[in-house]
Amino acid sequence: MIADLMKLGLDVHNTSNILQEHSIDKWNASNLPEVVVFAHSTEDASKCLKYAHANDIPVTTRGAGVGYVGGAVPVKGGIVLSTMKMNKILEISPEDGVVVTQPGVITGILQDAVKEKGWYYPPDPASLAECSIGGNIASNAGGPRCLKYGVTKHYVLGLTVVTADGSIMKTGGRLHKNKQGFDLTSLMVGSEGMLGVVTEANLRIIPHPAHKSILTATFEKFPTAALAVQTILNSGHHPSALEITDAFTLESARAFIGREAVPEGDAHLIIEIDGRTSAVEKELSEIVSILESLNAVTIETHESEEECAAIWQFRRDLSYSLKATGLMKLNEDVVVPRGKLVKLVNFAQKLSAETGIAISCFGHAGDGNIHTNLMFSDADPAMRKKANQAIDKLFKWVLSEGGATTGEHGVGLAKKRWFRGAVGEESYAAHLAIKKALDPKNILNPDKFLD
């Protein structure tokens, strides 16, 4: 195979270190591909897929490899097609409100480039310093600011996609309104590399907010913090981000970062407000009054860019704090209707008491997407079994409450066995029909959540 691919002028590798690097993501599964092809252009991806299609070779597309669900693991071996060398921002057009980019561009780099021109690309996954735009599109990545601004799909105007047989398809365009035919662009966003390979994206950008400020508050108990979330939103405020953290996570942060860096209390809120400077100042004052009326233990205002950056670094450090406990961390990004936040955390605490597995809950309170982390010693096989049983109970409870097993990480391998039941038989059949129409030989990222 490698000789044939090299004859096509492709950048092909099969050294052990490159194969190993491309056999995994951040989940706990791995499988070696036979070769890794680095695409440098749409034409490279097309050549690779034409060859794979003609020879019935599975192809797993890979971005930066920082996914949490095994979505980029090449289960069937074959070819890993990496887009990380397609890393150019092709155009920034404030006139059209569009940035045109290749898929290998790191999300944070794209945000910074757009910001230099006074514009804003809001989607902000926690891994923005290392995740790629292509991976964001494949998983429909979210982040804290999707409360106000939406997730990746709300910013994808058009795509260049190489389909399973190597054809090059254009979807959408650079228009902010476009109703010509089926919405193939949205179909590709979140498809986890199973319907095509994105090689170029037209993304919507908006004027950068003139000012941002953050309020942080702690409460004695989690239910009061959740009540604060509802009260803020019911009072007509629409923060750009509203993040909540539970007691276990805060204690882990105190051990990792230092007790002096984490205020007292068993629940913590981050509330980011953005807009015109005068409007932000007024809104901050009104939200402080709400927090005071709910007897917040601490309330702090952070107004400079440096202070706000430090708060978001604290938020990112929560994951590192959990890892520093030395326990295995299974990060589940479940979603429930926002009004059921307390019910979710109460269920998690009950599940923890039943299993002896610590469970950490933190994340996007404003949209009900709470990262529910199971923490246990992986050295004990019995605990691994208990953890798997606990995840099953968690997912079944979430689905019974009208929730979803994933809000932003995707399904991949990690959540495959719950997918069919989660979406229902009719929806599952529709997924299969779309997959068969676009990938009749099932070569694109096979053996993931559609068998």
Legend entry - Sole residue being modelled with pLDDT of 95 or more, surrounded by fewer than 18 Cβ atoms within 10 Å (Cβ to Cβ) and at positive phi, chosen from GLY172, GLY118: GLY118
Inset, instruction - Please give the strands (runs of 3 or more DSSP E) falling wholly within the stretch 175-291 in which 1 or more residues are over 28 Å from VAL156 (Cβ atoms), modelled with pLDDT of 95 or more and not acidic (Asp, Glu). - result: 211-219, 241-245, 267-275
Inset, instruction - Give, as residue ranges, the helices (runs of 4 or more DSSP H) completely inside the stretch 372-451 that count at least 1 residues that are of a type in the set (S, T, N, Q) and more than 20 Å from ILE357 (Cα to Cα). - result: 381-400, 425-438
Legend entry - Residue count, the stretch 324-344 (criterion: touching a Ser or Thr at 6+ places or on another chain (Cβ under 9 Å) and of a type in the set (Val, Ile, Thr)): 3
Legend entry - Hits in the stretch 161-214 - residues which are touching a residue at least 60 places away in the same chain (Cβ under 8 Å), within 21 Å of ILE92 (Cβ to Cβ) and polar (S, T, N, Q): THR199, ASN202
Inset, instruction - Scan the stretch 63-71 and give yes if some residue there is closer than 21 Å to ARG204 by Cβ and surrounded by 22 or more Cβ atoms within 10 Å (Cβ to Cβ), otherwise no. - result: yes
Legend entry - Condition broken by GLY326, with the remaining ones in (1) closer than 28 Å to SER278 by Cβ; (2) out of contact with any helix residue (DSSP H, G or I) (no Cβ under 8 Å at 6 or more places or on another chain); (3) not in a helix (DSSP H, G or I) satisfied: (1)
Legend entry - Unique match (being out of contact with any Ser or Thr (no Cβ under 8 Å at 6 or more places or on another chain), closer than 19 Å to SER377 by Cβ, of a type in the set (Ser, Thr, Tyr) and modelled with pLDDT of 90 or more) among SER352, SER304, SER321: SER352
Inset, instruction - Return a yes/no flag: does the stretch 55-78 have any residue that is touching a helix residue (DSSP H, G or I) at 6+ places or on another chain (Cβ under 6 Å), free of Cβ contacts under 8 Å to residues at least 24 places away in the same chain and not assigned by TED's automatic domain parsing to the domain that holds GLY142. - result: no
Legend entry - Of all residues in the stretch 312-334 being of a type in the set (A, V, I, L, M, F, W, C) and surrounded by 22 or more Cβ atoms within 10 Å (Cβ to Cβ), the one that is farthest from the chain's Cα centre (by Cα): LEU322
Legend entry - Residues located in the stretch 180-216, provided they are polar (S, T, N, Q), farther than 25 Å from SER240 by Cα and surrounded by fewer than 23 Cβ atoms within 10 Å (Cβ to Cβ): GLN180, THR185
Legend entry - Qualifying residue in the stretch 199-209 (condition: under 20 Å from the mean Cα position of the chain (by Cα) and at positive phi): no
Inset, instruction - Would you check if LEU159 is at pLDDT 95 or above and either assigned to a loop (DSSP other than H, G, I, E, B) or over 21 Å from THR406 (Cβ atoms) (or both)? - result: yes
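To keep it simple, each residue is scored yes or no on (1) touching a helix residue (DSSP H, G or I) at 6+ places or on another chain (Cβ under 8 Å); (2) in contact (Cβ under 8 Å) with a residue 40 or more places away in the chain; (3) surrounded by fewer than 13 Cβ atoms within 10 Å (Cβ to Cβ).
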{"residue": "ALA387", "(1), (2), (3)": "yes, yes, no"}
{"residue": "ALA390", "(1), (2), (3)": "yes, no, no"}
{"residue": "SER400", "(1), (2), (3)": "no, no, yes"}
{"residue": "THR406", "(1), (2), (3)": "no, yes, no"}
{"residue": "LYS416", "(1), (2), (3)": "no, no, no"}
{"residue": "ARG420", "(1), (2), (3)": "yes, no, no"}
{"residue": "ASN445", "(1), (2), (3)": "no, yes, no"}
{"residue": "LYS448", "(1), (2), (3)": "yes, yes, no"}
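The values are calculated or read from the model by the stated rules, or taken from the named source; none is laboratory data. From a predicted model like this one, the values you see are computed outputs, not experimental measurements. Every residue, glycine as well, gets a Cβ built from its backbone with ideal geometry; the counts of neighbours run over all protein chains shown.
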